[in-house]
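Since every read-out is calculated from the coordinates, none of them should be taken as a lab result. For clarity, every value in this text was computed on a predicted model and none was experimentally measured. Virtual Cβ from ideal backbone geometry, glycine too; neighbours counted across all protein chains shown.
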Amino acid sequence: MWLTKLKIALVEKNTKKLDELMDEIPKFDNIADVESALYLTLEATKLVEELKGQTSKSMMKIQNNIKYLKSTQHHTSMKLDIKS
């Protein structure tokens with residue numbers, strides 16, 4: 001059952017569920033299940049690294065957009081102009 005849940009979480013790219021499943025790894029009865037769990041765990045690691053990279057790229061784009069927007073803003077003086 002755990003292996004099935006892990007497969008579903010991988011297909012759905014559900015990192016929250018992957019985290020939960022990694023906290024409750026069961027003992028396996030046969031070597032085939034151990035090998036499957038190992039393979040799926042490696043795939044989960046790849047998925048998380050891929051998502052991490054995508055998030056990093058998105059954050060860089062957002063930061064660059066913020067810098068650009070700030071550079072195009074009209075700069076106003078913070079002083080009170082009482083002479084006008």
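Structure summary
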quantity	calculated
Members of the stretch 1-56 found to be exposed (fewer than 14 other Cβ atoms within 10 Å of the Cβ) and touching a Phe, Trp or Tyr at 6+ places or on another chain (Cβ under 7 Å), listed by number	Pro26, Val34
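Each row is one residue, and each column tells you yes or no for (1) over 18 Å from the mean Cα position of the chain (by Cα); (2) part of a helix (DSSP H, G or I); (3) in contact (Cβ under 8 Å) with a residue 24 or more places away in the chain.
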{"site": "Val11", "(1), (2), (3)": "no, yes, no"}
{"site": "Met22", "(1), (2), (3)": "no, yes, no"}
{"site": "Lys27", "(1), (2), (3)": "yes, no, no"}
{"site": "Glu35", "(1), (2), (3)": "yes, yes, no"}
{"site": "Tyr39", "(1), (2), (3)": "yes, yes, no"}
{"site": "Glu43", "(1), (2), (3)": "no, yes, yes"}
{"site": "Ser56", "(1), (2), (3)": "no, yes, no"}
{"site": "Met60", "(1), (2), (3)": "no, yes, no"}
